[in-house]
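Enquirer: Quick one: structure below, then a few questions.
The values are calculated or read from the model by the stated rules, or taken from the named source; none is laboratory data. A quick note: this is a predicted structure, and the numbers were derived from the prediction, not measured. Note that each Cβ is placed from the backbone with ideal geometry, even for glycine, and that neighbours are counted across all protein chains shown. Ligands, DNA and RNA are excluded from the accessible area calculation, which covers all protein heavy atoms including side chains. Shrake-Rupley method; radii C 1.70, N 1.55, O 1.52, S 1.80 Å.
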Amino acid sequence: MRRASTLASSVLSRTLATSHGGATVNHRLLQVALYGGSSMGGSYTRGRWFSSFSGSPVRAVSLGVAGALVSVAAAASLSDEVHAKEPRPPELVPKEVVLYQYEACPFCNKVKTFLDYYDIPYKVVEVNPLSKKEIKWSDYKKVPILVVDGEQLVDSSAIIDKLGSKILPGRKADSDLDDDDNEEKKWRGWVDNHLVHILSPNIYRNTSEALESFDYITSNGNFSFTEKITVKYAGAAAMYFVSKKLKKKYNITDERAALYEAAETWVDALNGREFLGGSKPNLADLAVYGVLRPIRYLRSGNDMVEHSRIGDWYTRMESAVGEPSRIKA
């Protein structure tokens, strides 16, 4: 609630100070106020909403205050929504969790999404993709590697299954899955066997997008200045050529079209539900969101949201997963 109070105070102060001039209210808060917290795509028409309030300054101020009070309530509601994750009982939470990762790796982000949603604190070690010096201690030379209370777990889906069995008591074994759970299993498989293979050809589609991606990677990793330059340009060049091989291997003729089609396939699978899991995300929702997370605000992710219907679901997932539970160094 402290976060909501701060946000509400900011909205109120800004509205009182500028209501006669018709200040722009934060889009998402106003959207919640106007539409009762429902998740809606596109944008609302601000001009029509404000047009009837442009007469008396006194009336404008009073209506501005009223609008701010609505936004205060919306801020509190939004804060509750943002923290609508599923924290585990303290006795089920591991004492120490360390993730060895690449910042833009979809599999690593899948694991991070699981940890964030279940509010499991974790430390991150960014692995240099060229030297891999941070994981020289391990016989496994890929990421993610998750070390849980001293135990090494590898392979993103296996990590989630193993950790899930510890923190989600009562979760069924694969052999005991019913039809609903099989749907979850099916789409988790679709993520690993189809969706992730479309991402690299899109992220590294051309040299400028490859550099954009590695600029993001090096900005979020613990690299020296020299390492940043080396990783950014050498990594971008390497992944540009790798993406071309992946495109050929998986018979992708148009990488953007394949990405949009995958997004539409996922929305169709929701079949009108907020999440595949119904009223809250299941492991398939977390997997899809996790692998899309590193591309969402890159050029490829922006294109995906603009040219498919996935945006509303993605926004709901952002709210459900909430703030990262990562422990800052």
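Enquirer: Only one of (1) under 27 Å from residue 261 (Cα atoms); (2) modelled with pLDDT of 85 or more; (3) out of contact with any Pro (no Cβ under 6 Å at 6 or more places or on another chain) is not met by residue 216, so which one is it?
Expert: It is condition (2) that residue 216 fails.
Enquirer: Determine, yes or no, whether residue 318 is more than 14 Å from the chain's Cα centre (by Cα) and of a type in the set (Asp, Glu).
Expert: no
Enquirer: Same structure, new question: Among the residues of segment 92-123, write down those that are within 14 Å of residue 142 (Cβ to Cβ) and either of a type in the set (S, T, N, Q) or open to solvent by less than 10 Å² (accessible area, probe 1.4 Å) (or both).
Expert: If we filter segment 92-123 for residues that are within 14 Å of residue 142 (Cβ to Cβ), which is where we start, we get 99-102, 105-108, 110-111.
Correct list: 99, 101, 108, 110, 111.
Enquirer: In segment 170-185, which residue that is under 27 Å from residue 90 (Cα atoms) and open to solvent by 90 Å² or more (accessible area, probe 1.4 Å) is modelled with the lowest pLDDT? Reasoning before the result, please.
Expert: We begin by selecting, within segment 170-185, every residue under 27 Å from residue 90 (Cα atoms); these are 170-174, 181, 184.
From what's left, open to solvent by 90 Å² or more (accessible area, probe 1.4 Å): 171-172, 174.
Details: 171: 77, 172: 66, 174: 56.
Selected residue: 174.
Enquirer: Only one of (1) in contact (Cβ under 8 Å) with a residue 40 or more places away in the chain; (2) of a type outside the set (Val, Ile, Thr); (3) closer than 25 Å to residue 215 by Cβ is not met by residue 322, so which one is it?
Expert: Residue 322 satisfies every listed condition except (3).
Enquirer: Scanning segment 309-329 for residues that are assigned to a loop (DSSP other than H, G, I, E, B) and open to solvent by 20 Å² or more (accessible area, probe 1.4 Å), which turns out farthest from residue 261 (Cα to Cα)? If you could, list the steps in order and put the result at the bottom.
Expert: Going through segment 309-329, the residues assigned to a loop (DSSP other than H, G, I, E, B) turn out to be 309-310, 322-325, 327-329.
Adding the requirement that they be open to solvent by 20 Å² or more (accessible area, probe 1.4 Å) leaves 309, 323-324, 327-329.
Numbers: 309: 10, 323: 29, 324: 29, 327: 36, 328: 37, 329: 39 Å.
The residue in question is 329.
Enquirer: Next question, about the same structure. Checking the structure you have, find out if any residue of segment 54-61 is open to solvent by less than 60 Å² (accessible area, probe 1.4 Å), hydroxyl-bearing (Ser, Thr, Tyr) and modelled with pLDDT under 95.
Expert: Scanning segment 54-61, I find at least one residue that is open to solvent by less than 60 Å² (accessible area, probe 1.4 Å), hydroxyl-bearing (Ser, Thr, Tyr) and modelled with pLDDT under 95, so the answer is yes.
Enquirer: Can you confirm whether segment 131-143 contains a residue that is of a type outside the set (Asp, Glu), touching a helix residue (DSSP H, G or I) at 6+ places or on another chain (Cβ under 9 Å) and assigned to a helix (DSSP H, G or I)? Don't jump to the end; show me each part of the working.
Expert: Going through segment 131-143, the residues of a type outside the set (Asp, Glu) turn out to be 131-133, 135-138, 140-143.
From what's left, touching a helix residue (DSSP H, G or I) at 6+ places or on another chain (Cβ under 9 Å): 131, 141-143.
Applying the additional criterion that residues be assigned to a helix (DSSP H, G or I) yields none.
Looking for residues that are of a type outside the set (Asp, Glu), touching a helix residue (DSSP H, G or I) at 6+ places or on another chain (Cβ under 9 Å) and assigned to a helix (DSSP H, G or I), one finds none in segment 131-143, hence no.
Enquirer: What single numbered condition from (1) open to solvent by 60 Å² or more (accessible area, probe 1.4 Å); (2) at pLDDT below 95; (3) part of a helix (DSSP H, G or I) fails to hold for residue 246?
Expert: (1)
Every residue, every condition in (1) β-branched (Val, Ile, Thr); (2) touching a residue at least 12 places away in the same chain (Cβ under 8 Å); (3) more than 18 Å from residue 106 (Cβ to Cβ), yes or no:
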site	(1), (2), (3)
189	no, no, no
195	no, yes, no
200	no, yes, no
205	no, yes, no
210	no, yes, no
220	no, yes, no
227	no, yes, yes
230	yes, yes, yes
234	no, yes, yes
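Enquirer: Further question on the same structure: Out of everything in segment 217-229 that is assigned to a helix (DSSP H, G or I) and open to solvent by less than 70 Å² (accessible area, probe 1.4 Å), what residue ends up being nearest to residue 132 (Cα to Cα)?
Expert: Selected residue: 227.
Enquirer: Given the conditions (1) part of a helix (DSSP H, G or I); (2) open to solvent by 50 Å² or more (accessible area, probe 1.4 Å), and given that residue 200 satisfies all but one, which numbered condition is not satisfied?
Expert: (2)
Enquirer: Is at least one residue of segment 279-290 in a helix (DSSP H, G or I), farther than 29 Å from residue 160 by Cα, among the aromatic types (Phe, Trp, Tyr) and in contact (Cβ under 8 Å) with a residue 24 or more places away in the chain?
Expert: Taking segment 279-290 first, the residues in a helix (DSSP H, G or I) are 283-290.
When the remaining residues are screened for being farther than 29 Å from residue 160 by Cα, the result is none.
No.
Enquirer: Which ones in segment 207-239 are of a type outside the set (A, V, I, L, M) and over 24 Å from the mean Cα position of the chain (by Cα)?
Expert: 207, 224, 225, 226, 227, 228, 230, 233
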